[in-house]
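Undergrad: Once you've had a glance at the structure underneath, I'll fire off some questions.
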Amino acid sequence: MKAEDLELIRSWCGARSVRRGPVIQTLWSGYGDITRVLLQGCERPSVVVKHVRPPAQTASDRSHQRPPQTASDRSHQRKVRSYQVEAHWYQNYTTGPSCRTPVCLGSTSRGREMMMVLEDLDVAGFDQRKTSVGDREMRVCLRWLAHFHALFLGRNPDGLWPVGTYWHLETRPDELEAMDHPELRAAAADIDRTLSNCRFQTIVHGDAKLANFCFSCSGEEVAAVDFQYVGGGCGMKDVAYFLGSCMEERECEEKVPVLLDYYFTELRRAVGREEGREEGREEGREEVPAVDTVALEAEWRQMFAFSWTDFHRFLLGWSPGHWKIHGYSRRLTEEVLKQLQQEAHRRGPEAAAAGGPQRRS
């Protein structure tokens, strides 16, 4: 971190002096680091700085006349775009106490580098990180997700990924080609269309794994970080991915139904609260139609298996020996493939031969 970076941080925070503290972690593939910066002479004792410094340019960076040609080029461009999206998120979107995120104190870019200065969640009381959790902690995170999805229900993901999540099919052609599951490869586009054509869309976190939740000391509250892949989508993408990050096969079989019930209870409560806020705002605002929570829950419950299978498709191509590839994932995948085939047969032999349903209205 250069002297001018520290001076910029000092001015944004209104501090008398600043000092670089310890590196919290390095970014994926050596794209920079996350560092704690210590402050004096202001209300904050510290901030967290995400400093993005991509490695040397790839061929696709040097030639803007063509799309990326190699897996390495595509990976590089995806990562660079993800940090641009994250900076836009922190600068232009806000949440609230029910789905807490760090406050952005400033963001800047200079050439290939980007820097985001964020509230230190440890100081704010969210100083616990967990590598394993029980039902209680999972419910706290599901409550965060429910309120996050309710807050952004029906909102366009302006400036974010049009379709959120880091495993979105369009951004992962290499993993699709590498997977050794011909039936799922053939159905991948239909699964993606089914999710994208949901009536109820929201903004999804896009990487809602356990490691991206910061717990309070009591364990009753969480805040979330890492918004590189935030964007539009069905809320079940976050829920399926989160549960898969917490539980192995046997636990999934036993606990997913009850945890899904809890998520939808919280989602209904959160949607009602957001509608109450809309009604309480000043007159003259455009009227927002009430959300049909019965239809919302029915649709998203059906999309749970599709969302799980969508991520399973990515894993099979990216890391075929991954611990998340287990019997529960395979069972849901087979259910989804069977449902797609049944829908295709109902529409006639030509659709069945094509391998699945067409775009829904």
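Undergrad: I need the full set of residues from region 146-163 which are in contact with a Gly (Cβ under 7 Å, 6 or more places away or on another chain) and open to solvent by less than 20 Å² (accessible area, probe 1.4 Å), in order please.
TA: Scanning region 146-163 gives HIS149, LEU160.
Undergrad: Answer with yes or no whether PHE126 is over 19 Å from the mean Cα position of the chain (by Cα) and aromatic (Phe, Trp, Tyr). Spell out the reasoning first.
TA: Values: over 19 Å from the mean Cα position of the chain (by Cα): yes; aromatic (Phe, Trp, Tyr): yes.
Yes.
Undergrad: Then there's this: Please list, ordered by residue number, the helices (runs of 4 or more DSSP H) wholly in region 292-361 having 1 or more residues that are modelled with pLDDT of 95 or more and open to solvent by 10 Å² or more (accessible area, probe 1.4 Å).
TA: Fully inside region 292-361 and qualifying: 293-318, 327-347.
Undergrad: Here is a follow-up. Select from region 62-74 the residues that are closer than 23 Å to LEU160 by Cα, open to solvent by 30 Å² or more (accessible area, probe 1.4 Å) and part of a helix (DSSP H, G or I) and write down the one among them that is modelled with the highest pLDDT.
TA: The extreme case among them is ARG74.
Undergrad: Run GLU177 past the list (1) open to solvent by less than 50 Å² (accessible area, probe 1.4 Å); (2) farther than 24 Å from VAL258 by Cβ; (3) among the acidic types (Asp, Glu) and report the number of the one that doesn't hold.
TA: Of the numbered conditions (1) open to solvent by less than 50 Å² (accessible area, probe 1.4 Å); (2) farther than 24 Å from VAL258 by Cβ; (3) among the acidic types (Asp, Glu), the odd one out for GLU177 is (1).
Undergrad: Sticking with this one: Having 1 or more residues that are under 30 Å from PHE126 (Cα atoms) is the bar; report the helices (runs of 4 or more DSSP H) wholly within region 171-256 that clear it. Steps first, please.
TA: Details: elements: 173-178, 182-196, 236-246.
So the answer is 236-246.
Undergrad: Then there's this: Quick check on VAL37: is it touching a strand residue (DSSP E or B) at 6+ places or on another chain (Cβ under 7 Å), at pLDDT 95 or above and closer than 17 Å to GLY111 by Cα? It would help to see each step written out before you state the result.
TA: On the way: touching a strand residue (DSSP E or B) at 6+ places or on another chain (Cβ under 7 Å): yes; at pLDDT 95 or above: yes; closer than 17 Å to GLY111 by Cα: no.
No, not satisfied.
Residue-wise test of (1) crowded, with 21+ Cβ neighbours inside 10 Å; (2) over 29 Å from VAL80 (Cβ atoms); (3) hydroxyl-bearing (Ser, Thr, Tyr); (4) within 20 Å of the chain's Cα centre (by Cα).
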site: THR165; (1), (2), (3), (4): yes, no, yes, yes
site: HIS181; (1), (2), (3), (4): no, yes, no, no
site: GLY206; (1), (2), (3), (4): yes, no, no, yes
site: VAL239; (1), (2), (3), (4): yes, no, no, yes
site: VAL258; (1), (2), (3), (4): no, yes, no, no
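Undergrad: Out of (1) in contact with a His (Cβ under 9 Å, 6 or more places away or on another chain); (2) outside any helix (DSSP H, G or I), the odd one out for VAL163 is which?
TA: (1)
Undergrad: Same structure, new question: Within region 131-145, does at least one residue satisfy the condition of being part of a helix (DSSP H, G or I), without any contact (Cβ under 8 Å) to a residue 60 or more places away in the chain and more than 20 Å from the chain's Cα centre (by Cα)? I'd like the intermediate steps shown before the answer.
TA: Kept after step one, since they are part of a helix (DSSP H, G or I), are these residues of region 131-145: 135-145.
With the extra rule that they be without any contact (Cβ under 8 Å) to a residue 60 or more places away in the chain, the set shrinks to none.
Looking through region 131-145, none of the residues is part of a helix (DSSP H, G or I), without any contact (Cβ under 8 Å) to a residue 60 or more places away in the chain and more than 20 Å from the chain's Cα centre (by Cα).
The values are calculated or read from the model by the stated rules, or taken from the named source; none is laboratory data. The model shown is predicted, which means the values in this text are computed figures rather than measured ones. So basically every Cβ, Gly included, is an ideal-geometry build from the backbone, and we count neighbours across all protein chains shown. For the accessible areas, the whole protein counts, side chains as well, though only heavy atoms, and no ligand, DNA or RNA atoms are used. Shrake-Rupley method; radii C 1.70, N 1.55, O 1.52, S 1.80 Å.
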